[in-house]
Amino acid sequence: MYRLDQNDTEVFALPADICYVLSFERADRHLLDIRMEVSTRGEPWLDFVLPSWTPGSYKIREFITNFTLEGVLDEQGHLLEVEWREKNCFRVLCDHAEKVYLKAVYFGNERSVRTTYLSRWQAFIMPSNCLPYIRGRQFEPHHLVIEVDPARWRHITTPLSPVDFGFPPRLGALTYDILADSPIQIGNHRICACTVGGRLHEIALVSDEPVDDEWIVRTVDRVVRVVWAFWGGELPYDRYVFIFHFAPNVFGGLEHARSHVLAVDPAALRELAGTHRFLRLLCHEFFHTWNGKRIRPEGHGPFEYSHEHYTQLLWLTEGVTTYYEILLPYWCDFFTQRELLVHLALEIEQLSHVPGRFYLSVRDSSFLAWVKLYGRSPDGPNRFPSYYLKGALIAWLLDIWILEQTAGRKRLQDGLRELWQRARRRPERGFTEDEVIGALEDATGVSLGSTFVEWLTDRGELPYADFLSRIGLQLQWHSALDRERLFGEKYMFGRLPGMRFTGLSLREERGSLVVETVEEFSPAAIAGIAIGDEIIALNGVRVQSLTQWDALIGMADEAVEVLAASDGRLYTTRLALKPRRSPRLQVQATEGSPQHRLFERWLCRPLPEPVDVELVPLSLWSPWDVEPRLLP
């Protein structure tokens, strides 16, 4: 049966005929030295394939660009012939060799949650970037040996399982898919842990700046407990690894079956909005442990890593997860009720500035993720609605619909739990959209019919007002008006201008303002201003900074004369100004009314927190410890 997951006890002492050896003598130059030892089993040739993409990040990235094959030898040291068959595939002619020994180097100098990065201070390895698999042998055990000097780097953090407790450390995976799904952090990072449900949750903190380790551990513990309560049953893993990269100007996450990686600017944790983003991201990636990794679209495993795997179901794995990334911090007591409603209103506002919702359905945006989401152009929002954003709002309306139709007895959570139970019974394959909708209907008793399918296929606005009113919420749009400023209590100093909407976003570039985006149907689009144009003056006044732009726009009346340059030639145009509108969610239902009862049911935490269960499987170890560490 096909597997995307493993337990440590299954891998310990398990032999393998495919072994990778990683060494780091040239890590200072961002180079990873790779060796492979492969038993040929009498085959006349072996085809080695390097993936072109990473699961969870739907874009062809051509990792072969940074991979260099240095040679292949047999057990006698003779050089074997190599034929390149495709851009990311080469064939080794075994010539009756019992084993082949491959040597390669990978240049890893891109810092992100999905790419391999090495420096003199650390190594972050994404096996899907740099370790080729052997075609036809992906479903057998793989070993990985890490040759690293413990005097230089003390820690290895990874969801890969120990094969033994020798030195150098030897890790293992039941299949290549599991290996590819298991990031490895090596260095002098800090390691913390918490135990929930008898499972060890290890936390790797990679940061040059101080962060509050204790707060992060308590936060992780709380998120694990609440998400576990949401899904019920036992935790679906024997051990879980959180890898946190705290570095300037980064933000993102990537989920794996027994781990996830987050990248966050440490400065974000020093202010409320940034901390809220971090909490949402943490909840999002951990929720994927169920929805995305185990409840997954058909075709998302086993993987073919050389080409795209299309699906229309990313509204489920990403959109529904985004909806719960907003609710879960409230259930964890990280958000107040008011903050929860503000976050949901911001999602509505954000989608209102995506004209692409009129051109593509959420199904289509899922299917085209490979070329639209990660590779979007500056004009992308005008043509492409994110399945994260619109999918989350569809999930919210669906949750309300189920609550209203069942008088609060059922909710979307019940449908997701049913999907989880079905996924447990058949982990070898994913779901079709019809199977997903069928499970939701069976679990809730609500016939979703054409209405829900229309939300998934429609190109236009969602029926917020109708459905929000069913739980006593009212969506109100407010315009930002001018406000008076006073000296003391009575003397008026002037007016603070209200926010104006133009549809432009600008960036400062060498003392000038350059247009980054222009929203379709906006005043800027009507004025003919284009991406890449330089804004030179407003009403005859030279503008050279965003601060000056905001001041001049704020003091203007209904329109401004714009002097701009396009392809080195000047033009003038008239830019209309509109008050910026923002949505607010107000609770309108009176206490005790049916709508208010549904509102309270919507806010209600899924279940009381479960009690820890005593389990003692083999657990994570530190290769530099004298004795391995086991679960308490």
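Where a number appears in this text, it was derived from the coordinates with a stated rule and is not lab data. Just so we're clear, the structure is a prediction, and the values are computed from it rather than from any experiment. Virtual Cβ from ideal backbone geometry, glycine too; neighbours counted across all protein chains shown.
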(message) From Cα pairs below 8 angstrom and at least 6 apart in sequence, can you work out the relative contact order of the stretch 147-279, rounded to a whole percent?
(response) 20 percent
(request) Could you tell me which of rounded, prolate or oblate describes the stretch 143-228, using a ≥ b ≥ c as the square roots of the eigenvalues of the alpha-carbon gyration tensor, with rounded for a/c under 1.5 and, failing that, prolate when a/b is larger than b/c and oblate otherwise? (result) oblate
(request) Could you pull out which residues in the stretch 525-550 have an amide N less than 13 Å from a spot 7 Å beyond the Cα of Ser566, following the Cα-Cβ vector? (result) 525-535
(request) Between the alpha-carbon centers of the stretch 406-482 and the stretch 1-71, tell me the distance in whole angstrom. (result) 40 Å
(request) Any chance you could list P(r) for the stretch 8-188, counting all Cα-Cα pairs in 5 angstrom bins from zero, rounded to whole %? (result) 1, 8, 17, 22, 21, 17, 10, 3, 0
(request) Show which aspartates and glutamates lie in cross-link reach of Lys103 when reach means a straight Cα distance below 13 angstrom and same-chain residues fewer than eight apart are skipped. (result) Asp33, Glu37, Glu70, Asp74
(request) First measure r as the distance between the Cβ atoms of His478 and Arg111, then evaluate 1/(1 + (r/R0)^6) with R0 = 51 Å and state the FRET efficiency to the nearest 0.05. (result) 0.80
(message) Please report the net charge: other residues with Cβ closer than 12 Å to the Cβ of Leu368, K and R +1, D and E -1.
(response) +3
(message) Run the numbers for Gln405 and Met499: contour at 0.36 nm per residue of separation, minus the present Cα-Cα distance, in nm.
(response) 29.8 nm
(request) Sticking with the crude label model, points 7 Å out along Cα→Cβ, report the distance from Arg510 to Glu81 in nm, one decimal please. (result) 5.4 nm
(message) If R₀ is 35 angstrom, what is the calculated FRET efficiency for the pair Thr573 and Thr451, using the beta carbon separation as r and rounding to 0.05?
(response) 0.20
(request) Report, by chain and number, residues whose modeled amide H sits under 5 Å from the one on Ser306, excluding near sequence neighbours (fewer than 5 apart, same chain). (result) Ser52
(message) Between Arg580 and Leu14, what is the label-point separation in nm under the 7 Å Cα-to-beta-carbon projection?
(response) 5.3 nm
(request) Be a star and scan the stretch 510-526 for residues whose amide nitrogen sits under 20 Å from the point 7 Å along the Cα-to-Cβ vector of Ser545. (result) 510-516
(request) Quickly work out the Glu308-to-Asp212 label distance, labels modelled 7 Å from Cα along the C-beta direction, and quote it in nm with one decimal. (result) 4.4 nm
(request) Would you be so kind as to identify which of Gln421, Gln548, Cys130 lies farthest towards the positive end of the dipole of the chain, taking Lys and Arg as +1 and Asp and Glu as -1 on Cβ and the Cα centre as origin? (result) Gln548
(message) Nearest 500 deg cm²/dmol is fine: what mean residue ellipticity at 222 nm does the chain get from its DSSP H runs of n ≥ 4 alone, each adding -39,500 (n - 2.57), divided by its residue count?
(response) -8000 deg cm²/dmol
(message) Give me the net charge for the shell around Ile529: Cβ to Cβ below 11 angstrom, other residues only, Lys and Arg +1, Asp and Glu -1.
(response) -2
(request) Using only Cα atoms, find the angle between the long axis of helix 594-603 and the longest principal axis of the chain, and express it within 0 to 90 degrees, rounded to the nearest 10. (result) 40 degrees
(request) Treating the angle as unsigned and between 0 and 90°, give the value, to the nearest 10°, between the Cα long axis of helix 272-287 and the longest Cα principal axis of the chain. (result) 50 degrees
(message) Taking 22 Å as the cut-off for C-alpha to C-alpha distance, list the pairs among Lys59/Lys390; Lys390/Lys578; Lys293/Lys410 that go past it.
(response) Lys390/Lys578; Lys293/Lys410
(message) Is there a quick way to get the dipole size of the chain? I mean about its Cα centre, with the Cβ of Lys and Arg at +1 and of Asp and Glu at -1; what is the value in debye to the nearest 20?
(response) 1280 debye
(message) Using Cβ contacts closer than 10 Å as the measure, can you line up Val72, Val362, Val196 from fewest to most?
(response) Val196, Val72, Val362
(request) State whether the chain is rounded, prolate or oblate according to the following rule on the C-alpha gyration tensor (a ≥ b ≥ c being the square roots of its eigenvalues): a/c under 1.5 gives rounded; otherwise a/b larger than b/c gives prolate, and the remaining case gives oblate. (result) prolate
(message) Calculate the FRET efficiency for Gln421 and Arg41 from the Cβ-Cβ distance with a Förster distance of 45 Å, rounded to the nearest 0.05.
(response) 0.70
(message) Only counting other Cβ atoms within 10 Å, I'd like Trp84, Trp45 sorted with the fewest neighbours first.
(response) Trp84, Trp45
(request) Neighbouring Cβ atoms within 10 Å as the yardstick, rank His343, His300, His478 fewest first. (result) His478, His343, His300
(request) Return one number: the angle in degrees, 0 to 90 and rounded to the nearest 10, between the long axis of the Cα atoms of helix 412-425 and the longest principal axis of the Cα atoms of the chain. (result) 10 degrees
